[in-house]
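Dropping a structure here in structure tokens format, bear with me for questions.
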Amino acid sequence: MATITYKFLHFANLKDIPNWSVQYADEEDLGFTKKYPMARIGSFLVRRKEAIDIQDGIIYKRVTVSTKGGNITIRDQKDGKLIGTKKQFVIHEGQFLLSKIDARNGAYGVVPAIAEGAIITGNFWTYDVDYERINPQFLTLVTKTQQFLDFAEKSSNGTTNRHYLQENAFLNQQIPLPSKEEQEKILKEYYSCIQTALKKEEEIYKCERELSHFVLSSIDLKDVKDESEEKQSSMMMFTSLSKVTRWDTYNIKYHINKEKGTTLLRDLLKSKPFYGAPYSAVDYNKKIRYIRITDINEDGTLSEEKVSANQYNEAYLLKENDFLIARSGNTVGKTFLYTSDIGPAIFAGYLIKFELQEELILPQYLLVYTKTPIFKKWIKNNQRISAQPNINCQQYLEAPIILPTIEKQKEIVEYANRKQEQRIQLREEIKNILEQAQNKFVHTIFD
């Protein structure tokens, strides 16, 4: 009998609909390869709920699952009396863990040894794995593919912005299941590429160490750790009164000696510092970029993702060589130098803009200097901890900057530029390696 197809109607068997989502009922074939047998995820994963009552006086490990990475790390360790949700669950090494909130963003992974005995709330699901049938790392790679993420998006619903994955949809989804031997072969090839990428990461760290050593040597600081002349005992700490700039416990670990030719940042500015705009981010309008703390990478470059602001005021428009420093949050002290090749841009409220006297200090030198251990230690010992770390404008004005001659600054900048070129090249190589590894895996399990 001929099969009748309809242009505007779609039919689904009631037994195949795990939730009343029109999106899920209209789910298309994910396009998995037919060269391997198919298996329901629920056939090799079994939900495990090991409940625990959180007790005061006991320290508990809590975890987080990175999105699109599958990495499970320790989020923090807290005394039970500081944990509000008293009914939680214990997880164990080797289990498969996912966040039902961020499953559509790829928050799946295998519990590592370091997370053994950690606790999770009901927003996470943990499963025992049938290791005779599947290596959970193979499942993790499947869940990282865009096709599976699209499925998870369609299988997540909710009445607010927090869309939860429907467990039945997840467990009923079928995936290709090669033999264990074939899985191990696929994983070996994939992780061989990952190891190559990690070696490239080590080369980046080597570049950063070499740059730091060159800068410190150039400004006559051979070893930052020996810079402090403080004498310590197990109970007391001593420091020279002439070096104390703040009368609080934040300023007890590190000081830059005045003999090193330091200049305060305030003496290197040609105008007063300026706080960024209190605007919200919106989609990039292809005209003016909005630079936020989260857009700035540790090395002073910008992320590829661009946004604009929902408002505009010319006062926040950046000019060539404007220098930005983050004043709040976990990235306090992060720095960025604006150049016109970036295109028109304004900057956000948790950043402070500084205009430099370029006849005294090269903006590029200040960017390099603020990436060194010597400046980072100053940041660490001067930030005030309240709800979140912060250093205000007045504090930054008192930041000591070791200022060599312009000629020496140029030498440092030239060396830093060469190292930056090396890092850019290495990052591009890493990106290509990871893309090739992912693409090869995708082609292995999809038609």
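The values are calculated or read from the model by the stated rules, or taken from the named source; none is laboratory data. Computed from a predicted structure; not experimentally measured. No Cβ is skipped: glycine too gets one built from the backbone with ideal geometry, and neighbour counts run over all protein chains shown. Remember, those area values only see protein heavy atoms, side chains included, never the ligands or the DNA or RNA. Shrake-Rupley method; radii C 1.70, N 1.55, O 1.52, S 1.80 Å.
Could you grab me the full set of residues in the range 123-177 that are in contact with a Gly (Cβ under 6 Å, 6 or more places away or on another chain) and free of Cβ contacts under 8 Å to residues at least 40 places away in the same chain?
None; the set is empty.
Does the range 71-110 hold any residues that are touching a residue at least 60 places away in the same chain (Cβ under 8 Å), open to solvent by less than 10 Å² (accessible area, probe 1.4 Å) and not in a strand (DSSP E or B), and which are they?
In the first step, residues of the range 71-110 are kept if they are touching a residue at least 60 places away in the same chain (Cβ under 8 Å); the result is 98, 100-101, 103-104.
With the extra rule that they be open to solvent by less than 10 Å² (accessible area, probe 1.4 Å), the set shrinks to 98, 103.
Scanning the range 71-110 gives a single hit, 103.
Then there's this: Find all pairs meeting these conditions: Cβ atoms under 9 angstrom apart; at least six residues apart or on different chains; first residue within the range 416-427 and closer than 20 Å to residue 217 by Cβ; second residue among the polar types (S, T, N, Q) and not in a helix (DSSP H, G or I).
420/301
Okay, moving on. Name every residue in the range 344-366 that is part of a helix (DSSP H, G or I) and open to solvent by 50 Å² or more (accessible area, probe 1.4 Å), in order of residue number.
Hit for the range 344-366 is 364, nothing else.
Oh, and also: If you scan the range 283-312, which residues turn out to be open to solvent by 60 Å² or more (accessible area, probe 1.4 Å) and assigned to a helix (DSSP H, G or I)?
Hit for the range 283-312 is 294, nothing else.
Which ones in the range 393-447 are within 26 Å of residue 327 (Cβ to Cβ), part of a loop (DSSP other than H, G, I, E, B) and open to solvent by 60 Å² or more (accessible area, probe 1.4 Å)?
If the condition is that a residue be within 26 Å of residue 327 (Cβ to Cβ), part of a loop (DSSP other than H, G, I, E, B) and open to solvent by 60 Å² or more (accessible area, probe 1.4 Å), then 398 is the only one that fits.
May I ask you to list the residues in the range 53-70 that are part of a strand (DSSP E or B), of a type in the set (A, V, I, L, M) and free of Cβ contacts under 8 Å to residues at least 24 places away in the same chain?
We begin by selecting, within the range 53-70, every residue part of a strand (DSSP E or B); these are 53, 59-65.
Keeping just the survivors that are of a type in the set (A, V, I, L, M) gives 59, 63, 65.
Correct list: 59 only.
Search the range 319-332 for residues being surrounded by 22 or more Cβ atoms within 10 Å (Cβ to Cβ) and not β-branched (Val, Ile, Thr), and hand back the single one that is farthest from residue 390 (Cα to Cα).
The selected residue is 323.
Anything in the range 48-70 that is surrounded by fewer than 16 Cβ atoms within 10 Å (Cβ to Cβ), more than 26 Å from residue 137 (Cβ to Cβ) and not aliphatic (A, V, I, L, M)? List them, or say none.
Result: 53, 55, 56, 57.
How many of the residues making up the range 302-312 are free of Cβ contacts under 8 Å to residues at least 12 places away in the same chain and either under 19 Å from residue 208 (Cβ atoms) or in contact with a Pro (Cβ under 8 Å, 6 or more places away or on another chain) (or both)?
1
From the set of residues in the range 333-343 that are over 21 Å from residue 396 (Cβ atoms) and touching a residue at least 40 places away in the same chain (Cβ under 8 Å), which is surrounded by the most Cβ atoms within 10 Å (Cβ to Cβ)?
342
Scan the range 37-47 and tell me whether some residue there is surrounded by 14 or more Cβ atoms within 10 Å (Cβ to Cβ) and either farther than 22 Å from residue 156 by Cα or modelled with pLDDT under 90 (or both).
No: zero hits.
Test residue 133 against the stated conditions and say whether it is modelled with pLDDT of 95 or more and not in a strand (DSSP E or B). Working first, answer last.
Values: modelled with pLDDT of 95 or more: yes; not in a strand (DSSP E or B): yes.
The answer is yes for residue 133.
Results for (1) farther than 16 Å from residue 213 by Cβ; (2) among the aliphatic types (A, V, I, L, M); (3) out of contact with any strand residue (DSSP E or B) (no Cβ under 9 Å at 6 or more places or on another chain), shown as yes or no for each residue.
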{"residue": "361", "(1), (2), (3)": "yes, yes, no"}
{"residue": "383", "(1), (2), (3)": "yes, no, no"}
{"residue": "421", "(1), (2), (3)": "yes, no, yes"}
{"residue": "428", "(1), (2), (3)": "yes, no, yes"}
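Does the range 367-392 hold any residues that are touching a residue at least 60 places away in the same chain (Cβ under 8 Å), touching a Phe, Trp or Tyr at 6+ places or on another chain (Cβ under 8 Å) and open to solvent by less than 30 Å² (accessible area, probe 1.4 Å), and which are they?
Matches in the range 367-392: 369, 378, 381, 382.
Now, a different point. May I ask you to say which residue of 189, 153, 208, 184 is open to solvent by 60 Å² or more (accessible area, probe 1.4 Å), within 18 Å of residue 37 (Cα to Cα) and part of a helix (DSSP H, G or I)?
One residue alone meets the criteria, 184.
Related question: From 229, 259, grab the single residue that is assigned to a helix (DSSP H, G or I), at pLDDT below 50 and surrounded by fewer than 13 Cβ atoms within 10 Å (Cβ to Cβ).
The conditions single out 259.
Something else: Output yes when any residue across the range 78-92 is closer than 21 Å to residue 177 by Cα, at pLDDT 55 or above and small (Gly, Ala, Ser), and no when none is.
no
In the range 111-127, what residues are part of a loop (DSSP other than H, G, I, E, B) and under 16 Å from residue 48 (Cβ atoms)?
Scanning the range 111-127 gives 111, 116, 117, 118, 121, 122, 123.
How many residues does the range 92-124 contain that are under 22 Å from residue 142 (Cα atoms) and β-branched (Val, Ile, Thr)?
Of the residues in the range 92-124, 3 are under 22 Å from residue 142 (Cα atoms) and β-branched (Val, Ile, Thr).
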